Amino acid sequence: MSSPASPGRIARVFAALHARREVAFIPFITAGDPDLETTAEALLTLDRNGADVLELGLPYSDPLADGPTIQAAATRALARGTTPGAVLDLVARLTPELRAPLIVFTYFNLILAMGIEAFVGRLAASGASGLLVPDLPVEEGDALQTAANVHGLDVIWLVAPTSPPERLRRIAERTTAFVYLVSTTGVTGARAEVASSVRTSLAQLRALTTRPVAVGFGISTAEQAHAVACLGADGVIVGSACVQLLATAAPEERLGRLAEFSRQLKEASQTLPAKS
């Protein structure tokens, strides 16, 4: 496997935020729910209202890492005929207008269906900055990592509270953008409180890498975003709450509500205690 690519656009965003003592706000939405045009408008809205990095999910029929909210969104998107090709076309149309770098979240079968080289090449050509594949273990990711390195894309690897030390080390070695720390075991979805394991996991990662660490899964409120930021995370990832808002808000209200929610979460993530 080739060595990891040099830090790209996502890493530069984190570096700039760190210099300003800010924490990255990273919202996630599912492409095609309720439709692709709304997806485009939602990405632009998030980009203009506090998002530092954007995460866009390709709808998939068996999303094992996702909870009921995102599973339902993927089912609706697929029922409307949303395809990976159509989403990548949308990304290519939007990226010239986006300030924030965009990460595509997808399951490995969708990559295999197109072919690793073809998928990664098309993703890079679309202007996306990174790729996140939750069902691909780092131990089996050489082919994807090599293709991504060639095309200048970051592969974002996930770390769980139960990840053994050897896996933590391997992910730390491969990281060029940021490590995605899953806040709790299980699937995505809103939770009542942030897991206490986040502090321990952050400390373990800090001992292995100087790369940023962003925390996701289960963060759905401004209070939770604040709590994660105060634990020392470099980024806060919010998915199900954004997806739920787009699914339930009245069409004439959804973008305004999404903009307000995005601003609230970005602001809440910045009220950090002074660092020594």
Original post:
Within segment 150-185, restricting attention to residues that are within 18 Å of the chain's Cα centre (by Cα) and part of a helix (DSSP H, G or I), which residue is farthest from residue 204 (Cα to Cα)?
Top reply: 174
Original post:
Are there any helices (runs of 4 or more DSSP H) wholly within segment 210-270 with 3 or more residues that are within 14 Å of residue 181 (Cα to Cα) and at pLDDT 95 or above, and if so which?
Top reply: none
Original post:
Does segment 117-149 hold any residues that are of a type in the set (Val, Ile, Thr) and either part of a loop (DSSP other than H, G, I, E, B) or at pLDDT below 95 (or both), and which are they?
Top reply: 133, 138
Original post:
If you go through segment 115-135, how many residues are of a type outside the set (Val, Ile, Thr) and either at positive phi or over 15 Å from the mean Cα position of the chain (by Cα) (or both)?
Top reply: 11
Original post:
Does residue 229 qualify as being farther than 26 Å from residue 31 by Cβ and either among the small types (Gly, Ala, Ser) or touching a residue at least 12 places away in the same chain (Cβ under 8 Å) (or both)?
Top reply: yes
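Looking at 92, 77, can you tell me which residue is in contact with a Ser or Thr (Cβ under 8 Å, 6 or more places away or on another chain), in a helix (DSSP H, G or I) and crowded, with 21+ Cβ neighbours inside 10 Å?
Unique residue meeting the criteria: 77.
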**OP:** Mind listing whichever residues of segment 95-119 are of a type in the set (Lys, Arg) and buried (at least 22 other Cβ atoms within 10 Å of the Cβ)?
**Re:** none
Original post:
In this structure, does residue 112 turn out to be over 27 Å from residue 13 (Cα atoms) and of a type outside the set (D, E, K, R)?
Top reply: yes
Subject >> Every pair of residues 6+ apart whose Cβ atoms lie under 7 Å, when the first sits in segment 82-99 and is of a type in the set (S, T, N, Q) while the second is in a helix (DSSP H, G or I) >> reply: 82/36
Subject >> Residues satisfying the stated conditions in segment 20-39, i.e. part of a loop (DSSP other than H, G, I, E, B) and either out of contact with any strand residue (DSSP E or B) (no Cβ under 8 Å at 6 or more places or on another chain) or closer than 21 Å to residue 231 by Cα (or both) >> reply: 20, 21, 22, 23, 32, 33, 34, 35
Original post:
Of the residues that make up segment 45-67, is at least one assigned to a helix (DSSP H, G or I) and of a type in the set (A, V, I, L, M)?
Top reply: yes
Subject >> Criterion: out of contact with any His (no Cβ under 9 Å at 6 or more places or on another chain), farther than 16 Å from residue 247 by Cβ and among the charged types (D, E, K, R) - qualifying residue of 66, 47 >> reply: 47
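The values are calculated or read from the model by the stated rules, or taken from the named source; none is laboratory data. Source: prediction; values computed, not measured. For neighbour counting, all protein chains shown are included, and Cβ atoms are generated from backbone atoms with ideal geometry for every residue, glycine included.
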